[in-house]
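Since the structure comes first, as structure tokens, the remarks are kept for the end.
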Amino acid sequence: MHTFRVWGPRARRVSVVVDGERYAMEREPGDWWVVTVNEARAGSRYGFLLDEDETPVPDPQSARQPYGVHGLSELVDHAAFSWKDDDWRPPTLASGVIYELHVGTFTPEGTLDAAISRINYLHDLGITHVGLMPLAAAEGARGWGYDGVALYAPHEAYGGPEAVRRFVDAAHGHGLAVLIDVVYNHFGPSGNYTGKFGGYLTDRHTTPWGGAVNFEDAGSAEVRDFFIQNALMWLRDYHFDGLRVDAVHAFIDRSAKHFLEQLEEEVRALSNHTGRHYLVIAESDLNDPRLVTAREAGGYGLDAQWSDDFHHALWSVLTGETRGYYQDFGDIGGAGPMAHLATAIREVFVYQGQYSPHRRRSHGRPVVALPSDRFLGYIQNHDQVGNRAQGERLSQLLDIGRAKIAAAMVLLGPFVPMLFAGEEFAASSPFLYFTDFQDKELGRLVSEGRRNEFVAFGWSPDEVPDPQAEETFLRSKLQWEELGGDSHAEMLDWYRRLIVLRRQESALTRGELQDVGVSFDETQKWLRMTRGPIEVAFNAGKSEVTLPVANSYETILSSSQEIACGADNLRLPARSVAVLRNRIWQKPHSESRICTNLPGVAISATPTCTPRQCCLTGIRRLEQGGGIVCNGCRQYLRRWLLAAFLPTPCFAKLSRR
């Protein structure tokens with residue numbers, strides 16, 4: 001027995017065909033069509049008939065599409081799988097290392113079951129979180145996943161629903177958390193039948209990929225719930241540990257409660273129910289810290305967001321590239337690439353409200369008093385590699401010295417590091433843009449559009465791989481036999497040692513940006529980053545540099561045998577990086593934090609505080625807007641009216657910076 005329910009305000013009559021039998025559905029309040037079919041069971045195939053159309057269409061909430069996105073849906077029993085992860089608790093994000101991968105290119109077979117064979121490798125590498133690119137069913141056998149249309153149905157080419165569960169269960173058994181990439185800003189161009197049922201999309205806005213999702217117009221309550229329930233399904237029924245929400249800057253939502261805030265609220269409710277913590281990580285190019293600011297402080301409360309500014313700044317330093325959005329990270333306003341990188345390391349966003357030449361408008365806002373583990377740092381990901389004309393990885397564009405610099409800055413920097421599958425062993429295979437649209441005209445338009453996009457940047461049409469060609473997909477598969485090659489093994493060893501150091505040294509997972517020190521020379525192209533007793537020093541220039549160091553420093557990792565750390569200086573050859581440790585470093589006894597909502601006000605805790613001190617001196621400032629964090633009791637005061645609840649022994653004092 002199964003009760004079929006579908007939201008269909010645009011339909012006048014709806015029936016469901018189950019295993020060849022037709023059943024009329026009744027319209028209930030809210031434009032929901034419902035019928036209970038006693039004969040329906042897990043494995044039953046079904047589709048909906050709308051009005052006079054006698055061609056069944058898939059369920060918008062179909063759990064499986066065994067015959068592709070245009071075929072009949074199939075009922076799935078989510079409770080049938082025997083999970084072995086009852087005692088599973090995911091590692092914290094702050095101490096984590098994320099590994100983004102595309103299932104289809106990760107192994108020769110391109111399936112989730114085949115990917116299980118590499119879980120031991122990821123564990124030994126030191127990965128804590130595996131990030132899967134989208135799994136939702138899309139047209140064709142291959143694609144990046146961002147053209148999904150059956151969002152509740154795992155892609156059949158990867159193995160379907162049970163393969164997803166097997167992979168997640170196996171990952172948990174090896175201590176790895178698993179994140180899934182979800183796309184809630186658009187539907188793919190082929191196989192989306194939601195428009196036949198209701199207003200899932202709006203014509204008031206568009207996205208670069210098609211119609212925009214209706215988050216705010218008539219019918220948006222049901223549309224928002226459609227995506228909310230999809231997110232909860234992945235977490236509850238497939239045991240994923242978190243979501244990576246694609247391109248949230250494309251969400252147009254002027255509701256009093258933004259969709260992202262609602263999503264976070266519902267995910268937290270599920271977490272309270274299951275006793276497991278789930279992550280919500282946003283991809284955003286808005287440079288808006290409100291995404292990861294607590295809801296009590298007026299933010300959306302997400303766990304983390306991608307930080308493109310760090311990537312762009314580091315990439316510009318290492319490659320010298322200045323085209324496209326890298327224009328903003330060259331010589332701008334008296335600051336050069338090294339200065340931009342230093343700003344990204346210390347302050348997260350380079351663009352904090354100033355004018356962006358690339359965007360031709362002001363961009364971003366500053367990050368104030370947020371821990372650095374609210375942001376992900378990376379030098380490669382599917383976008384930054386795959387959106388290049390020929391999908392080149394960093395190791396194909398740079399020498400091994402600069403590639404090692406990039407790895408050290410990502411893995412030892414202040415942000416949660418994220419790797420893209422294959423970068424750890426300098427994979428030679430590109431990651432190209434590939435599709436498999438069955439409609440020939442759509443396929444032609446996609447191929448033509450891809451060529452034209454890069455011809456405008458000076459590429460020859462023959463140099464741009466055809467995304468519809470199967471060869472483009474096959475070229476993108478990782479070649480695991482490369483692990484035995486000298487240069488690949490050398491890079492893999494470098495990544496492993498960096499990850500081990502990050503795990504062993506607590507200062508490298510401490511999320512306090514004010515504890516990060518940076519110095520640099522724009523002309524000589526060297527930079528030094530200090531985090532507690534650890535210092536990373538690199539030379540991206542073409543000539544050797546000598547830097548002064550105290551005699552308490554020792555080299556613990558070096559990218560070149562020519563690096564030498566003496567009693568009072570460090571010699572760095574061109575394009576090299578060294579990691580040093582200060583043997584006599586001691587943790588400071590006092591510290592300062594910046595108040596989240598009072599720019600320019602520092603909260604200082606000192607060992608001389610007495611039990612009678614408290615932050616009541618700061619209450620007068622609360623009326624100016626926002627709240628304050630008491631550094632002693634760690635309590636957050638959302639508004640000045642909550643001052644009465646402030647405990648007296650707060651051990652904090654306010655001062656103007």
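For the stretch 8-49, how big is Rg over Rh, using alpha carbon atoms and the Kirkwood form of Rh?
When Rh is taken as the Kirkwood radius, the ratio is 0.98.
Let me test this: with uniform point scatterers at the alpha carbons of the stretch 92-200, what is the Debye-based log₁₀ I(q)/I(0) at q = 0.14, 0.19, 0.23 1/Å? Debye intensities relative to I(0), on a log10 scale: -0.57, -0.94, -1.23.
Computed from the alpha carbon positions, the gyration tensor of the stretch 1-104 leads to an equivalent ellipsoid with semi-axes of 35, 16, 15 Å, biggest first. Note that the stretch 386-523, at 20 °C in a medium of 1.002 mPa s, gets a Stokes-Einstein diffusion coefficient of 122 µm²/s from its Kirkwood radius over C-alpha pairs.
Treating only the Cβ atoms of Lys and Arg (+1) and Asp and Glu (-1) as charged, compute the dipole magnitude of the chain about its Cα centre; round to the nearest 20 debye.
Details: 67 positive and 83 negative charges, 622 e Å.
Charge dipole of the chain: 2980 debye, to the nearest 20.
Between the stretch 479-513 and the stretch 220-253, the alpha-carbon centres lie 32 Å apart.
Using packing as a proxy for protection, rank 179-192, 161-174 so that the peptide with the highest average count of other Cβ atoms within 10 Å comes first.
Values: 179-192: 23.3, 161-174: 20.4.
In descending order of packing, they fall as 179-192, 161-174.
Think of the stretch 1-93 as a dipole: +1 on every Lys or Arg Cβ, -1 on every Asp or Glu Cβ, centred on the Cα centre; then among VAL37, PRO90, PHE48, PRO90 lies furthest on the positive end. Give me log10 I(q)/I(0) at q = 0.12, 0.15, 0.26 Å⁻¹ for the stretch 138-212, Debye formula, one equal scatterer per alpha-carbon, no solvent. Results for the stretch 138-212 at q = 0.12, 0.15, 0.26 Å⁻¹ read -0.43, -0.62, -1.25.
Shape annotation for the stretch 198-317: C-alpha extents along the principal axes are 48, 40, 29 Å, from largest to smallest.
In the stretch 299-369, inverting the average of 1/r over every pair of distinct C-alpha atoms gives 12.4 Å as the Kirkwood radius.
Length gain on complete extension for the stretch GLN327 to ASP521, per 0.36 nm per residue less the alpha carbon to alpha carbon distance?
Working: separation 194, 0.36 × 194 = 69.84 nm, distance 2.02 nm.
Here the segment from GLN327 to ASP521 would lengthen by 67.8 nm.
Report note on the peptides 498-511, 74-87: ranked by the mean count of other C-beta atoms within 10 Å, highest first, their order is 498-511, 74-87.
For the chain, give me the percentage of DSSP beta bridges that are antiparallel, rounded to the nearest 5 percent.
Values: 69 of 94 bridges.
That works out to approximately 75 percent antiparallel.
Quick one: helix 337-347 against the long Cα principal axis of the chain, what's the angle to the nearest 10°, folded into 0 to 90? Approximately 80 degrees, to the nearest ten. Evaluated over the Cα positions of the stretch 276-315, the convex hull gives a direction-averaged projected area, one quarter of its surface, of 3.4 nm².
Pairwise over distinct Cα atoms, reciprocal of the mean inverse distance: report the Kirkwood radius of the chain in Å, one decimal place. Don't skip to the answer; put the middle values down first.
Numbers: mean 1/r = 0.0373 Å⁻¹.
Its Kirkwood hydrodynamic radius stands at 26.8 Å.
Entry for the stretch 338-466 at q = 0.10, 0.12 Å⁻¹: log10 I(q)/I(0) = -0.47, -0.66, Debye formula applied to identical alpha-carbon scatterers, no solvent contribution. Computed from Cα positions, the angle between helix 259-274 and the longest principal axis of the chain comes to roughly 90 degrees.
Average projected area of the Cα convex hull of the stretch 376-450, in nm²? If you can, show how the numbers build up before the last one.
Working: hull surface 23.1 nm².
For the stretch 376-450, averaging the hull's shadow over all directions gives 5.8 nm².
Computed on the stretch 439-485, the Cα convex hull volume stands at 95 Å³ per residue.
Before I look further, what does the stretch 249-297 give for accessible area per residue, probe 1.4 Å, in whole square angstrom?
Numbers: 2050 Å² over 49 residues.
Per residue, the stretch 249-297 has 42 Å² of solvent-accessible surface.
Across the stretch 105-164, the volume of the C-alpha convex hull divided among the residues equals 86 Å³ per residue.
Can you tally the lysine pairs in the chain where the Cα-Cα distance is under 24 Å and the two residues are eight or more apart, or on different chains?
Numbers: LYS196/LYS440; LYS404/LYS477; LYS404/LYS525; LYS404/LYS542; LYS525/LYS542; LYS587/LYS653.
The number of close lysine pairs in the chain is 6.
When peptides 242-253, 274-285, 374-385 are sorted by average Cβ neighbour count within 10 Å, with the highest value leading, the order is 374-385, 242-253, 274-285. Helix 440-455 axis versus longest C-alpha principal axis of the chain: approximately 20°, rounded to the nearest ten. Counting only protein heavy atoms and a 1.4 Å probe, tell me what percentage of the chain's accessible area is made up of carbon and sulfur. Looking at the chain in its full context, I get 48 percent from C and S. From the phi angles alone, apply the Karplus equation (6.51, -1.76, 1.60; θ = phi - 60°) to the stretch 56-73 and give each ³J(HN,Hα) in whole Hz, x where the residue is Gly or Pro. Coupling constants for the stretch 56-73: x, 10, x, 6, x, 10, 4, 7, 7, 10, x, 10, x, 6, 9, x, 5, 8 Hz. If only the Cβ of Lys and Arg carry +1 and only the Cβ of Asp and Glu carry -1, the dipole of the stretch 543-587 around its Cα centre is close to 220 debye.
Rounded to the nearest 0.05, what FRET efficiency do TYR121 and ARG10 have when you use their Cβ-Cβ distance and R0 = 45 Å? It comes out at approximately 0.35. A viscosity of 0.890 mPa s and a temperature of 25 °C, combined with the Kirkwood radius over C-alpha pairs in the Stokes-Einstein formula, give the stretch 263-406 a diffusion coefficient of 148 µm²/s. Projection of the Cα convex hull of the stretch 369-417, averaged over all directions and equal to a quarter of that hull's surface, yields 3.8 nm².
The values are calculated or read from the model by the stated rules, or taken from the named source; none is laboratory data. This one's a predicted model, so the numbers in the text were calculated from it and none came from an experiment. We place every Cβ from the backbone using ideal geometry, glycine too, and count neighbours over all the protein chains shown. For accessibility, only protein heavy atoms count, side chains too; no ligands or nucleic acids. Shrake-Rupley method; radii C 1.70, N 1.55, O 1.52, S 1.80 Å.
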